[in-house]
Amino acid sequence: MRGLKIPHRKKMSINDIIEFQKPKEIYIPLICGEDTNITIIPKVGSYVYKGDIVGNTKGKIKRYIHSSISGRVKSIENKMLLNGTSIKCLIIENDFKEQMLDINGVKDNIHKYTKKEFIEIIKKADVIGMSGNGFPTYMKYDTTEKIKTLIINAVECEPYLTVDYMSLKTKIKDILDAVDAIMEINKIDSCIIGVNKRNKDLIKFINQYVGTYLNIKVMGVPDLYPMGWERSLIKATTGLSYDKLPIEKNIIVDNISTIYSIYHVLKTGLPVLERIITLSGEGFEKPTNVFVKINTPIEEILEKFKLKDKELVLVGGGPMMGINFPTTNTMVTKEMSAILALEPLNRIETACIRCGKCIKSCPAGLYPVLIKDARFNKKKLKKLDLEKCVGCGLCSYICPARIDLRQIVKYAKETLKGSD
């Protein structure tokens, strides 16, 4: 199995989950995935309740955008997303009253939904993959294929990140209740929770609670990056491979944060309005995990959780697959698992020495060095299977010449996409 052992750097943020639930305002980007064709519901000056739908997509794939606070719509302004895209945002001022409408109340038993009801609830609540891909979760379960195995991704193979670890440590009963409900509602035969085998304490901890759930088991997986990649995790836990989607092998994979959001949605009737993010890196005075409202401005978080007075690089997500913040005048999104404050690497790129390390390490079996050579030649690029790249960054990490191959492959993919 391809992959690499890389430094973990997780101990600094394994302590607690701190509540940060009172932003002065939120920035709600009017985009779902890549779809900016959004119907905006409230007008500037109108009042919105916590959980209100403030926008929805117009296309075939229906997505809903919600407000995580109650307050008035202050304005519609352009803000920059983590990827550098400027996008229209609803700016809502917080009245700190947490007022809500149309909430059915807390459910004592989250198992008593039909599959149709379950899919509609997580669709309306806009539950998505919260480990970075942002794929609508309801689309996985909305299938006529038999789902035999649910795999829970708790590997968290990126350095610094401890969201999954702390979520399991503090919310294990809720997470297992959600898994059990998902299995019962969707008639899933078994569940595997994949955890990095070096986390022996976590595996032992989960097993203390799993005992009463006969169809759920915890499995330690190799301490390799990127073991959290869906293909690698499925191979490590089941020995199976697939062509395009896991459902071909009757498998569904969900991340721990996604599972916890499903629990919250089924239990409260509220959409996904909060998430846990890791604040870590050598630049934070006190690294930790924070339970934060979706669309909280990054600047407000950095005011509360202080940075050291030194030159730093701010990264959204992990250091391997994350993106450097183009500005702090942006917001936490559902897909954002971390804010890292790292010391600059000062990479000095030299000429490629044709060592082939990028090829040997690529988990998707690609040839990054050849993609680099062909990045301006669309005809050659089409033969190099760029669509298989998962952006894990191992090619850049392993390169002795310090060439940013991950970015080159990303540009090459965009070049090919633009030629369609």
Practice task
Please report the relative contact order for region 20-273, taking Cα pairs under 8 Å with a sequence separation of at least 6, and give it as a percent rounded to a whole number.
Solution key: 20
Handout entry: Low-density loop cleavage sites - GluC sites (Glu not before Pro) in region 136-207, where at most 14 other Cβ are within 10 Å (DSSP)
Key = GLU145
Fill in the blank from the handout: With a ≥ b ≥ c from the Cα gyration tensor eigenvalues, square-rooted, and the rule rounded for a/c under 1.5, otherwise prolate when a/b > b/c and oblate otherwise, region 216-314 is oblate
Completion exercise
Cα-based Rg then Dmax for region 42-158, in Å, read 17.3, 49
Practice task
At q = 0.11, 0.19, 0.23 Å⁻¹, work out log10 I(q)/I(0) for region 140-258 with the Debye formula, treating every Cα as an identical point scatterer and leaving solvent out; two decimals please.
Solution key: -0.33, -1.02, -1.46
Problem - Net charge dipole size for region 20-273 [Lys, Arg +1 and Asp, Glu -1 on Cβ; Debye, nearest 20] - result: 120
Handout entry: Cysteines in the chain that, by Cβ-Cβ distance, have no pairing candidate under 4.7 Å
Key = CYS32, CYS89, CYS157, CYS191, CYS352, CYS355, CYS362, CYS389, CYS392, CYS399
Fill in the blank from the handout: Per DSSP, the loop-located trypsin sites (Lys or Arg not before Pro) within region 30-66 having at most 14 other beta carbons within 10 Å are LYS43, LYS58, LYS60, LYS62
Fill in the blank from the handout: Contact order relative to length for region 67-179, counting C-alpha pairs under 8 Å separated by 6 or more residues, stands in percent at 14
Exercise for the section: With θ set to phi - 60°, apply the Karplus curve 6.51 cos²θ - 1.76 cosθ + 1.60 along region 326-342 and write out the HN-Hα couplings as whole Hz, x wherever there is a Gly or Pro. Expected result: x, 7, 8, 8, 9, 9, 6, 10, 4, 7, 7, 8, 7, 10, 10, 10, 10
Handout entry: Theoretical ellipticity at 222 nm over the chain - DSSP helices of four or more residues, -39500 (n - 2.57) apiece, nearest 500
Key = -7500 deg cm²/dmol
Fill in the blank from the handout: Given Cβ charges of +1 for Lys and Arg and -1 for Asp and Glu, the option among LEU370, THR350, ILE87 whose Cα lies farthest towards the positive end of the dipole of the chain is LEU370
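On average, how much area does the Cα convex hull of region 20-273 cover when viewed from any direction, in nm²?
14.3
P(r) tail for region 215-269, what percent of Cα pairs lie past 17 Å?
Values: 724 of 1485 pairs.
Here the tail beyond 17 Å accounts for 49 percent of pairs.
According to the Kirkwood expression over distinct Cα-Cα pairs, how big is the hydrodynamic radius of region 357-418, in Å?
For region 357-418, inverting the mean 1/r across all distinct Cα pairs yields 11.3 Å.
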Handout entry: Principal axes of region 7-91: Cα extent on each, largest first, Å
Key = 45, 28, 22
Handout entry: DSSP-loop chymotrypsin sites (Phe, Trp or Tyr not before Pro) across region 375-420, with at most 12 other Cβ within 10 angstrom
Key = PHE376
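Only the coordinates and a few stated rules stand behind these numbers; no lab work does. In this text the structure is predicted, and so the values were computed from the model without any measurement. Don't worry about glycine lacking a Cβ; one is built from the backbone with ideal geometry, like all the others, and counts go over all protein chains shown.
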